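Chemist: To start, I am sharing the structure in question, which I have written as structure tokens.
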Amino acid sequence: MNAVTAPLPSAPQRAQREAQLPFGPPFLIADPAAARRDLTLLRRALAAAGVVAEAAVARPVGQAGAIAARALEDGHRLLVAVGSDRLVHAVLRVLVDPAGPRWPDAVLGLAGLGRQDLSATFGLPDDPAKAARHLLGPNLFQSDVGRARWRGPDGTTRVGVFANTAELGYPAEVSARAPAATGGALGAGGMIPQWAGRAGRLAAALGGLAATRSSPARLEVDHTAVDLRLAGLVAANGQFSMGRMKVAPRALPDDGRLSVMAFQGEPLGIYARSKDLYYGLHVPHPSVREYQSRRVSVDTAEPMALVLDGCRAAGGPPVTFEVLEQVLRVKV
């Protein structure tokens, strides 16, 4: 009996596929919240475009790093973080270490689908069908990555990276408590209802207030240094944090600088301006110091929480933030 085989793709078909998938098929890595519905919708949208995407769910989210490492070793080069910024952070740590890129030919795709701050800076859509289209084709963005050095609880120096923001004090506590979804109407994106999203953000804000106190601090940036009473600080590579709040409206992820937002006074003052923060209208203001700097150093008289991309870091100030220029390839 003669074996029946599928015909080999023609030259035009191969050229079309290479144009559609220049970095190979996307490998989707989802957090548990996205796995409930959004991951399936995204795979269906890709399938409608003729793309079969492998997928894995990180349970817990920290397992995303191990999943990403295996995918890279298996030859995948387009890794897509489907879900929260914490998931992005776990994948980032595999792609980039504090010395630079580990996999220079790898590409990071972002499918936040309503639950990710970093994707908002790049203007990526939350709808799965629209997000799928951004995973196809050759468009790339060469993004900076932040590097943090801080004192661990044992007194040793620790080093890490962040794709979106590093935060101290009140912003750090809010980001660490941010709910799994930002909220929106139930629909194709599978997001939680608006009332539940608002309730989650309120709980994160109140929890941040309860856990935070301001501290005398010394802040050093390029060309200047100041002493202030610090309620919170954001060293931003992206514009959004704390649950889609436009905290750093002038941040650009490819300019070789961090956008530094230092909030003076008490944490309650930041909370009181939540509406302004959401729309990026909190600057200029006497209580907010804004800088653009390649290097940022902060020391505080009292301990402050440190969070990188929504993930708590063990330890805290003194801390230094720096820029690794254009070491991450982001699919846009």
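The values are calculated or read from the model by the stated rules, or taken from the named source; none is laboratory data. In this text the structure is predicted, and so the values were computed from the model without any measurement. Heads up, the Cβs are rebuilt from the backbone with ideal geometry, glycines too, and the neighbour counts pull from every protein chain shown. Heavy atoms of the whole protein, side chains included, go into the accessibility calculation; ligands, DNA and RNA do not. Shrake-Rupley method; radii C 1.70, N 1.55, O 1.52, S 1.80 Å.
Chemist: In nm, give the distance between the simple-model label positions of D255 and A49, each being 7 Å from the Cα along the Cα-to-Cβ direction.
Modeler: Spacing of the two 7 Å Cα→Cβ label points: 3.0 nm.
Chemist: Roughly how compact is segment 88-179, stated as its Cα Rg over 2.2 N^0.38 Å to two decimals?
Modeler: 1.24
Chemist: Which aspartates and glutamates have a Cα less than 14 Å from the Cα of K130, not counting those fewer than 8 places away in the same chain?
Modeler: D38
Chemist: Along the principal axes of its C-alpha atoms, what lengths does segment 210-297 span, in descending order and rounded to whole Å?
Modeler: Principal extents (largest minus smallest coordinate, Cα): 34, 28, 23 Å.
Chemist: Could you please state how large a percent of the accessible area of segment 63-104 is carbon and sulfur, counting protein chains only and using a 1.4 Å probe?
Modeler: 46 percent
Chemist: Hey, what angle do you get for helix 194-211 against the long axis of the chain, alpha-carbon based, 0 to 90 degrees rounded to 10?
Modeler: Roughly 40 degrees between the two axes.
Chemist: Could you give the length gained on full extension between A301 and L140, defined as 0.36 nm per residue of separation minus the Cα-Cα distance, in nm?
Modeler: 53.7 nm
Chemist: Would you tally the net charge around L306, using a Cβ to Cβ cut-off of less than 9 Å, leaving L306 out, and scoring K and R as +1, D and E as -1?
Modeler: Net of charged neighbours comes to 0.
Chemist: Moving on to the next point. Whole number in Å², please: accessible area per residue of the chain, 1.4 Å probe, ligands, DNA and RNA not counted.
Modeler: Averaged over the residues of the chain, the accessible area is 44 Å².
Chemist: May I ask for the Kirkwood hydrodynamic radius of segment 29-135, worked out over all distinct Cα pairs and given in angstroms to one decimal?
Modeler: 13.7 Å
Chemist: Next question. Starting from the Cα of R213, move 7 Å in the Cα-to-Cβ direction to define the label point; list residues of segment 252-289 whose amide nitrogen is under 13 Å from there.
Modeler: Counting only backbone N, you get 267.
Chemist: May I ask you to give the percent of accessible area on segment 195-332 that is carbon plus sulfur, with a probe radius of 1.4 Å?
Modeler: Carbon and sulfur together cover 54 percent of it.
Chemist: Also: Beta carbons within 10 angstrom, averaged per residue: use that to sort the peptides 46-52, 230-236, 270-276, highest first.
Modeler: Put in order of decreasing packing, that is 230-236, 270-276, 46-52.
Chemist: Helix 11-20 against the longest principal axis of the chain: what's the angle in degrees, Cα atoms only, rounded to the nearest 10?
Modeler: 10 degrees
Chemist: Taking a probe of 1.4 angstrom, what is the accessible area of L209 in Å², to the nearest 10?
Modeler: Counting only protein heavy atoms, L209 exposes about 40 Å² to solvent.
Chemist: While we're here: Can you give me the distance in nm between label points at T40 and H223, each placed 7 Å from the Cα along the Cα-to-Cβ direction?
Modeler: It works out to 5.5 nm between the two label points.
Chemist: For P(r) over Cα pairs in 10 Å bins from 0, in percent, the choices are (1) 6, 27, 33, 21, 8, 3, 1, 0, 0; (2) 5, 21, 23, 17, 12, 10, 8, 4, 1; (3) 5, 24, 33, 25, 11, 2, 0; which was calculated from the structure?
Modeler: (1)
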